[in-house]
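Trainee: Right, I'll just put the structure down here and ask away after.
The values are calculated or read from the model by the stated rules, or taken from the named source; none is laboratory data. The model shown is predicted, which means the values in this text are computed figures rather than measured ones. Neighbour counts run over all protein chains shown; Cβ positions are idealised from the backbone, glycine included. Just the protein is used for accessible areas: all its heavy atoms, side chains included, with ligands, DNA and RNA removed. Shrake-Rupley method; radii C 1.70, N 1.55, O 1.52, S 1.80 Å.
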Amino acid sequence: MATVTYDSATCVYDGADRLAVDALDLEVADGEFLVLVGPSGCGKSTSLRMLAGLERVDAGRILIGGRDVTGAAPKDRDIAMVFQNYALYPHMTVGDNMGFALKVAGVGKAEIRERVAEAARMLDLTDHLERRPKALSGGQRQRVAMGRAIVRRPQAFLMDEPLSNLDAKLRVQTRTQIAQLQRRLGVTTVYVTHDQTEAMTMGDRVAVLKDGLLMQVGRPRELYDRPRNLFVAGFIGSPAMNLFPLPVVDGGVRLGEQVVPVAREALGRADAAEVVLGVRPEDLEVGGVGLPLEVDVVEELGADAYVYGRAELGDRTHVVTARVDGRRPPAKGNVVRVAPRPGSVHLFRAADGERIAA
Ligand SMILES: Nc1ncnc2c1ncn2[C@@H]1O[C@H](COP(=O)(O)OP(=O)(O)OP(=O)(O)O)[C@@H](O)[C@H]1O
Ligand SMILES: [Mg+2]
């Protein structure tokens, strides 16, 4: 087991006009499950491949267990990678697939058999060891890929979207299994996904990337409660946070006919006549007074329902999402009034999107 450190690690592909990963600084603690998340092309796979030694590091360093591995070959890094497509050998049995890396490394037959049997037990694959991959379900193949990584007892697991070939239900089950297994094994893990729900449910901490830049890293709750900028605010959380560009007035910001109170020093940090107010769907109170919202769609989920509607603010129409009681949702076409719950709002500077308050 080991720590993993990115020290201003940078990667630029030949001929590219921008950095794929831009001076990434990240510390993964021993035994930690860290998730890299962000939209397509933000540099997640590149970051992981730099750690694996599969991509050149053009500036900065990479350390595993405090050892500088920036120039080390992949096989000398003592890591195991699980890819999206599993990359199983079709002509080998499940057992041979799982033990192959050990065989190449010259580990003795008895030891290989023992480690494969142990991993198979953990992964519920004991009855399938003699089969070939094509005779397995998608979920079972995914577990074989995990097993191949586990038998190596590496210092770190590196996983790149390992669940993306599974259907939605199996993905949810498997993500729980992987998270439990990782905790049991206590192996430092860097896990890549573009799915913010997966990131939030699996990670001890989550690192959000955009355009090769680290936007924020923190525990899931921190990212949710205190997003550092507009990008993280909009990316983390489903349905997404409502974001309204609003005029600054005396004592707060104007949201339609109401003034949402904001501390004076926060407004000072805004340094502009306009700020962006963020309110999560569950922090919009529906009923009584507030911004009129014409209901377009009601999504009923049982206990909760989400209302999607339109509100006029100044000369702009905003699409607004609010969570309501699932037993008493408003009807489509109705007008409801919404107001942010006191103390629940987020405030961002309009110019650069940085968080300035709450
Ligand atoms: N082999 C390559 N040669 C040139 N550019 C590349 C190469 N691989 C990736 N890129 C570029 O580098 C950037 C980061 O790519 P990367 O594959 O790391 O993104 P990602 O976050 O994993 O995206 P996705 O969610 O789609 O897998 C993108 O702009 C991509 O087009
Ligand atoms: Mg990728």
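Trainee: Among the residues of segment 120-133, are any assigned by TED's automatic domain parsing to the domain that holds Arg148, among the hydrophobic types (A, V, I, L, M, F, W, C) and more than 14 Å from Val151 (Cβ to Cβ)?
Mentor: Within segment 120-133 (the criterion being assigned by TED's automatic domain parsing to the domain that holds Arg148, among the hydrophobic types (A, V, I, L, M, F, W, C) and more than 14 Å from Val151 (Cβ to Cβ)), the answer is no, since none of the residues qualifies.
Listed here are the residues, each with its yes/no results for (1) within 14 Å of the chain's Cα centre (by Cα); (2) not assigned by TED's automatic domain parsing to the domain that holds Arg152.
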position: Gly186; (1), (2): no, no
position: Gln196; (1), (2): yes, no
position: Met200; (1), (2): yes, no
position: Leu214; (1), (2): yes, no
position: Val217; (1), (2): yes, no
position: Pro220; (1), (2): yes, no
position: Pro261; (1), (2): no, yes
position: Asp271; (1), (2): no, yes
position: Val275; (1), (2): no, yes
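Trainee: Kindly indicate whether any position in segment 7-14 is over 15 Å from Arg77 (Cα atoms), at pLDDT 95 or above, within 15 Å of ligand 2 (Cβ to nearest atom) and surrounded by 17 or more Cβ atoms within 10 Å (Cβ to Cβ).
Mentor: Yes, some residue in segment 7-14 is over 15 Å from Arg77 (Cα atoms), at pLDDT 95 or above, within 15 Å of ligand 2 (Cβ to nearest atom) and surrounded by 17 or more Cβ atoms within 10 Å (Cβ to Cβ).
Trainee: Check every one of the helices (runs of 4 or more DSSP H) wholly within segment 79-193 and list those with 3 or more residues that are within 20 Å of Asp204 (Cα to Cα).
Mentor: It comes to 168-185.
Quick grid of which residues meet (1) in a loop (DSSP other than H, G, I, E, B); (2) open to solvent by 40 Å² or more (accessible area, probe 1.4 Å); (3) touching a residue at least 40 places away in the same chain (Cβ under 8 Å); (4) among the β-branched types (Val, Ile, Thr):
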| site | (1), (2), (3), (4) |
| --- | --- |
| Ser238 | yes, yes, yes, no |
| Val276 | no, no, yes, yes |
| Leu291 | no, no, yes, no |
| Ala311 | no, no, yes, no |
| Thr317 | no, yes, no, yes |
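Trainee: Please give the number of the condition Met50 fails out of (1) within 16 Å of ligand 2 (Cβ to nearest atom); (2) farther than 30 Å from Ala135 by Cα; (3) open to solvent by 20 Å² or more (accessible area, probe 1.4 Å); (4) in contact (Cβ under 8 Å) with a residue 24 or more places away in the chain.
Mentor: It fails just one condition, (3).
Trainee: When only residues in segment 182-202 that are more than 16 Å from ligand 2 (Cβ to nearest atom) and farther than 17 Å from Ala2 by Cα count, which is least open to solvent (accessible area, probe 1.4 Å)?
Mentor: Step by step, filter segment 182-202, then rank; the result is Met202.
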